[in-house]
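**Student:** Sharing a structure, written as C-alpha cells. Questions coming.
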Amino acid sequence: MEARPLDTLNKARNKKVLVELKNGKQFIGQIVSFDIHINTVLEEAEERVNGEITRKLGTVFIRGDTITIISPQ
Amino acid sequence: MEARPLDTLNKARNKKVLVELKNGKQFIGQIVSFDIHINTVLEEAEERVNGEITRKLGTVFIRGDTITIISPQ
Amino acid sequence: MEARPLDTLNKARNKKVLVELKNGKQFIGQIVSFDIHINTVLEEAEERVNGEITRKLGTVFIRGDTITIISPQ
Amino acid sequence: MEARPLDTLNKARNKKVLVELKNGKQFIGQIVSFDIHINTVLEEAEERVNGEITRKLGTVFIRGDTITIISPQ
Amino acid sequence: MEARPLDTLNKARNKKVLVELKNGKQFIGQIVSFDIHINTVLEEAEERVNGEITRKLGTVFIRGDTITIISPQ
Amino acid sequence: MEARPLDTLNKARNKKVLVELKNGKQFIGQIVSFDIHINTVLEEAEERVNGEITRKLGTVFIRGDTITIISPQ
Amino acid sequence: MEARPLDTLNKARNKKVLVELKNGKQFIGQIVSFDIHINTVLEEAEERVNGEITRKLGTVFIRGDTITIISPQ
C-alpha cells in the first residue's frame, strides 16, 4: 500500500515535532493527536519566534488551517 | 483508542483557556462549549493585546476559522 | 447534554450583541437571526470604529465568514 | 418558527440595499436575487467609494464570498 | 419561481460583461460559460487596469473564487 | 448542451497556455492535465515575472486555488 | 484515459521535487506521499529562501492549502 501523509504524522505521535504557522510562529512539542483537518495537539509546547523561546504553553491545540508545516525533530 | 484533538478541548471544558486569533488578539476565559468547526464560547472572557487586558467581554462566541491556537491555562 | 456554541447565540436572540469583523469594524444591535455559517442579522444596528458610532444601519445582514466574535452585551 | 438570516434578504427582494465588500467597495441597488452562498444580483446598481458614486453599473452579480454586509435602505 | 443569481449570468451568455477580480484587475469580454463555482470563460477578452487596456487575451478561463463582480455591459 | 468552463480547458489540452497566480507569478507551458479544483499540470513550463523568463521548470503541478486565470496562447 | 494532475505527483514519488508555498518559502526533497488535498511529505528536505539553503529539515509534512506549485527536479 502506498504511503499517505497522515502516516508520517502518525509515526511521529508522542515524539517531538516542529509546527510552523501561516503567521510565522513556531511551536515545538510532543504531538499527541491530530485529525484529518490537521488540527494538532502538542504537549510541553514552546513557542519560538526567530529561534528564541517566547512562551512555554504546556498543552496547545493548533487549528489545522493555520499550519504550514510539521516536521519531526 | 487514539487521542483526538477535540478530546483536549473537551477535557478543558469549564476551565480557563487562552485563545489566539489570526488578527493577533488573545482572549482568556472559561471554555464552556466548542464544535467541530472550533467555534468556541468563553465565559468571563478578557481580551488582551500585548499582554494587557484591553476589554472584559463576559460571554464571547469566537468563530472557529479565526482561531490559531487554544491553550488550557 | 453538553452545551454547544450556537446555544449561546440562541440564548442571545432578540438581545443586544456586539459583532466584530475581520476588517476591524464593530456592529452593535439586536441579534434577530443566525444560521450554521454564523450569517447573522442585527436590527437597530450601529457601526462603530474605534469606539465611535460611524453609522446607523437599522437592519444589517452580516456574512458569517467575515465575523470574528459575537458578544452579548 | 424562528427567523433565519436569509428571510431578511428575502423580505428585501426588489428593494434598495447597500452591499459592502471585503475590499471596502459599496454597491447600492435593488436586490433581485441571492442564493445560499449569498451570491447576490443588484439592479440599477451604483458603486460608491468613500460615499461618492464612482460608477453606475446597471445589473451586477456579486460573488457571495466577497460580501461583508447587506443592509436594506 | 423566484429569480436566482445564476439566471442573470445565464441571460448574459454570449454578451459582453465586465469581470472584476479580488486583485483589482478587470476583464471585459463575451461570457461563453460559467459554473456553480462562478468559474467563468470570456472570449475576445481584454484586461484593463485603471481603465486602460493592458492586454488582449482572447479566450480566458477565470477561476471563480478570484471574482468579486460580473456586470453585463 | 451549454458550454462549461472546463470544456475550454479541455480544448486547450496539450496546447500552450498562460497561467497566472494570486501571487502575481505567470507560468507558460503546455497544459497536460487539470481537475475540478483546477489543479493543473504544465509541461515545458517557464515562469515569468513582469514579462521576463525567470525560471525554466519543465513539469509543474499548480494547486488550483492559487490560480486566477488560464488563457490559451 | 486522460491524464490527471495527481498522476504527475504519483510519477514523481520517491523522486526529488521543489515545493513552493504561498509565503514564498521553497522546500526541496524526495516526495514520499501526498493526498487529494495535496498535503505532501518530503524526506531529506531542505528549505531555501532566495536560492540559499536556510534549513535542513529531514522529514517534513506540508499542508496542501499552503502550496502553490510542485515541480519534479
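**Student:** Hey, can you tell me all the residues within segment C:29-73 that are open to solvent by less than 30 Å² (accessible area, probe 1.4 Å), under 29 Å from B:Ile36 (Cβ atoms) and of a type in the set (A, V, I, L, M, F, W, C)?
**Tutor:** C:Ile31, C:Val32, C:Phe34, C:Ile38, C:Val41, C:Leu42, C:Val60, C:Phe61, C:Ile62, C:Ile67, C:Ile69, C:Ile70
**Student:** Return the residues of segment C:8-54 that are facing chain D (nearest Cβ under 9 Å) and among the basic types (Lys, Arg); say none if nothing qualifies.
**Tutor:** If the condition is that a residue be facing chain D (nearest Cβ under 9 Å) and among the basic types (Lys, Arg), then C:Arg13, C:Lys22, C:Lys25 are the ones that fit.
**Student:** Which one is most open to solvent (accessible area, probe 1.4 Å), of the residues in segment C:13-25 that are over 22 Å from B:Gly24 (Cα atoms) and outside any strand (DSSP E or B)?
**Tutor:** So, considering only residues that are over 22 Å from B:Gly24 (Cα atoms) and outside any strand (DSSP E or B), the one most open to solvent (accessible area, probe 1.4 Å) is C:Lys15.
**Student:** Before we move on, is B:Ile28 outside any strand (DSSP E or B) and farther than 14 Å from C:Pro72 by Cβ?
**Tutor:** Working: outside any strand (DSSP E or B): no; farther than 14 Å from C:Pro72 by Cβ: yes.
For B:Ile28, the condition - outside any strand (DSSP E or B) and farther than 14 Å from C:Pro72 by Cβ - is not met.
**Student:** Just a yes or no: is a residue in segment F:1-12 of a type in the set (A, V, I, L, M, F, W, C), open to solvent by less than 20 Å² (accessible area, probe 1.4 Å) and within 13 Å of G:Thr68 (Cα to Cα)?
**Tutor:** Here is the first cut: in segment F:1-12, the ones of a type in the set (A, V, I, L, M, F, W, C) are F:1, F:3, F:6, F:9, F:12.
Retained after the next criterion (residues that are open to solvent by less than 20 Å² (accessible area, probe 1.4 Å)): F:9, F:12.
Cutting the leftovers down to within 13 Å of G:Thr68 (Cα to Cα) gives us none.
Within segment F:1-12, none of the residues are of a type in the set (A, V, I, L, M, F, W, C), open to solvent by less than 20 Å² (accessible area, probe 1.4 Å) and within 13 Å of G:Thr68 (Cα to Cα).
**Student:** Something else now. Does segment A:19-28 hold any residues that are in contact with a Leu (Cβ under 8 Å, 6 or more places away or on another chain), farther than 18 Å from B:Leu6 by Cβ and in contact (Cβ under 8 Å) with a residue 24 or more places away in the chain, and which are they?
**Tutor:** A:Phe27, A:Ile28 - these are the residues of segment A:19-28 that are in contact with a Leu (Cβ under 8 Å, 6 or more places away or on another chain), farther than 18 Å from B:Leu6 by Cβ and in contact (Cβ under 8 Å) with a residue 24 or more places away in the chain.
**Student:** Counting just the residues of segment E:55-73 that are under 19 Å from D:Arg55 (Cα atoms) and more than 9 Å from the chain's Cα centre (by Cα), which one comes out nearest to the other protein chains (Cβ to nearest Cβ)?
**Tutor:** If we take residues in segment E:55-73 being under 19 Å from D:Arg55 (Cα atoms) and more than 9 Å from the chain's Cα centre (by Cα), then E:Thr68 is nearest to the other protein chains (Cβ to nearest Cβ).
**Student:** Let me ask you something else. Could you run through segment C:31-73 and say how many residues are in a loop (DSSP other than H, G, I, E, B) and either touching a residue at least 40 places away in the same chain (Cβ under 8 Å) or among the hydrophobic types (A, V, I, L, M, F, W, C) (or both)?
**Tutor:** Total meeting the criteria: 3.
The values are calculated or read from the model by the stated rules, or taken from the named source; none is laboratory data. Given the structure is predicted, the values throughout are model-derived calculations rather than measurements. Don't worry about glycine lacking a Cβ; one is built from the backbone with ideal geometry, like all the others, and counts go over all protein chains shown. Each accessible area value is taken on the protein alone, full model and side chains, heavy atoms only, with ligands, DNA and RNA left out. Shrake-Rupley method; radii C 1.70, N 1.55, O 1.52, S 1.80 Å.
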